[in-house]
Amino acid sequence: MIGRPPPASEKDEEENEEEDEEEDESSTPAGPMGASSGALSIVAAWAPELRGLGRVFHQGRSPKSRAGAATLRVEGAPPIRAVVGVGLVEAAAGTARVIERQHPRAIVLVGTAGLYPVMPSRPGKRTPESKAAAKTAGSTSTAAGARVSSTADTAAALQVGGAVIVRRIHLASDSVAREEAYLPEPLPLVAEASAELVQALAAATGLPIVDVACPLAITRTAALARTLAGATGAALENLEAFAVARAAAAANVPFAAVLGIANDVGPAAHAQWRANAERAAAAACAAVRTWLGQITS
């Protein structure tokens with residue numbers, strides 16, 4: 001999620017949506033601790049980002065008759081929606097809670113992201129922590145495996161309103177990027193999505209595959225956006241992907257993320273996010289629905 005907390009009216013909607021999420025979770029019988037329920041958990045930072053999935057994800061219910069609607073199932077278990085919380089700390093705790101309650105076979109994050117003004121194909125100053133990752137993160141991939149190496153190609157592939165598949169997530173820090181601080185060596189700085197899930201999502205949707213940076217706070221200046229993009233080699237910024245990926249890895253649960261691009265990272269980001277967040281999240285959800293429709297048909 002990129003943007004400030006929603007106003008009160010939107011928060012009321014979120015609380016109503018969260019009641020639905022709790023109902024989804026409670027409808028799935030929990031297996032023994034550490035055992036998989038066979039269900040796919042589809043999570044988001046807050047409830048509005050899950051709306052594009054529709055009611056077909058409620059277990060034990062059939063949607064009202066409408067064209068093309070069908071209950072989507074993965075190995076006999078319908079996917080379950082859940083809200084994990086906004087930001088690194090809340091999303092990590094929320095994902096751990098989802099894993100404890102649902103014992104999922106895999107976790108897919110949907111949400112929104114901001115587009116950095118400097119793409120990873122351009123040269124940029126890199127911190128020592130990011131140099132090793134930068135060797136393999138220097139460009140963007142497409143579903144067919146072709147490299148999007150030029151600025152023009154990348155700009156065409158990534159734009160507000162579109163969606164992407166996440167390959168690698170970098171923990172980002174403005175003070176580290178400016179070499180004013182450092183992170184202790186044992187601290188993981190990069191999280192990986194499941195290669196199998198990334199390939200399956202890409203084959204089903206044709207979406208570009210990118211790296212994402214996860215800072216603690218939303219970047220407000222173009223200068224800092226360029227610094228973080230150059231330091232991490234990431235194309236996008238999102239606040240939760242690293243946390244969800246690390247929580248999933250700790251439980252040995254495969255992870256993937258599909259993010260809609262809601263804004264350009266910089267001073268106009270919040271206004272853009274408010275205007276485009278719904279459309280961007282819907283694009284991410286549509287991609288997940290396309291993938292599920294293929295693997296469950």
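The values are calculated or read from the model by the stated rules, or taken from the named source; none is laboratory data. In this text, all values refer to a predicted model and were calculated from it rather than measured experimentally. Neighbour counts run over all protein chains shown; Cβ positions are idealised from the backbone, glycine included. Ligands, DNA and RNA are stripped out before the accessible areas are found, and what is left, the full protein with its side chains, is counted by its heavy atoms. Shrake-Rupley method; radii C 1.70, N 1.55, O 1.52, S 1.80 Å.
Listed values, structure above:
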{"quantity": "Test: residue in region 189-206 that is in a strand (DSSP E or B) and over 17 Å from residue 111 (Cβ atoms)", "calculated": "yes"}
{"quantity": "Close pairs from region 216-235: first within 13 Å of residue 115 (Cα to Cα) and touching a residue at least 60 places away in the same chain (Cβ under 8 Å), partner open to solvent by less than 10 Å² (accessible area, probe 1.4 Å) and assigned to a helix (DSSP H, G or I), Cβ under 6 Å, at least 6 apart", "calculated": "219/225"}
{"quantity": "Residues of region 195-213 that turn out to be over 11 Å from residue 165 (Cα atoms) and touching a strand residue (DSSP E or B) at 6+ places or on another chain (Cβ under 6 Å), as a count", "calculated": "1"}
{"quantity": "Residue that is least open to solvent (accessible area, probe 1.4 Å) [pool: residues in region 218-233 that are within 21 Å of residue 89 (Cα to Cα) and not in a helix (DSSP H, G or I)]", "calculated": "219"}
{"quantity": "Qualifying positions in region 202-215 - in contact (Cβ under 8 Å) with a residue 60 or more places away in the chain and not hydroxyl-bearing (Ser, Thr, Tyr)", "calculated": "202, 203, 204, 206, 207, 208, 209, 210, 211, 212, 213, 214"}
{"quantity": "Matching residues in region 248-286 - criterion: being open to solvent by less than 10 Å² (accessible area, probe 1.4 Å) and closer than 17 Å to residue 79 by Cα", "calculated": "248, 255, 256, 257, 258, 284, 285"}
{"quantity": "Residue match in region 111-122 (condition: in contact with an Asp or Glu (Cβ under 7 Å, 6 or more places away or on another chain), at pLDDT below 50, among the small types (Gly, Ala, Ser) and more than 18 Å from residue 205 (Cβ to Cβ))", "calculated": "no"}
{"quantity": "Any hit, region 220-242, residues being small (Gly, Ala, Ser) and within 10 Å of the chain's Cα centre (by Cα)", "calculated": "yes"}
{"quantity": "Qualifying residue in region 82-105 (condition: open to solvent by 40 Å² or more (accessible area, probe 1.4 Å), over 27 Å from residue 171 (Cβ atoms), modelled with pLDDT of 90 or more and not in a strand (DSSP E or B))", "calculated": "no"}
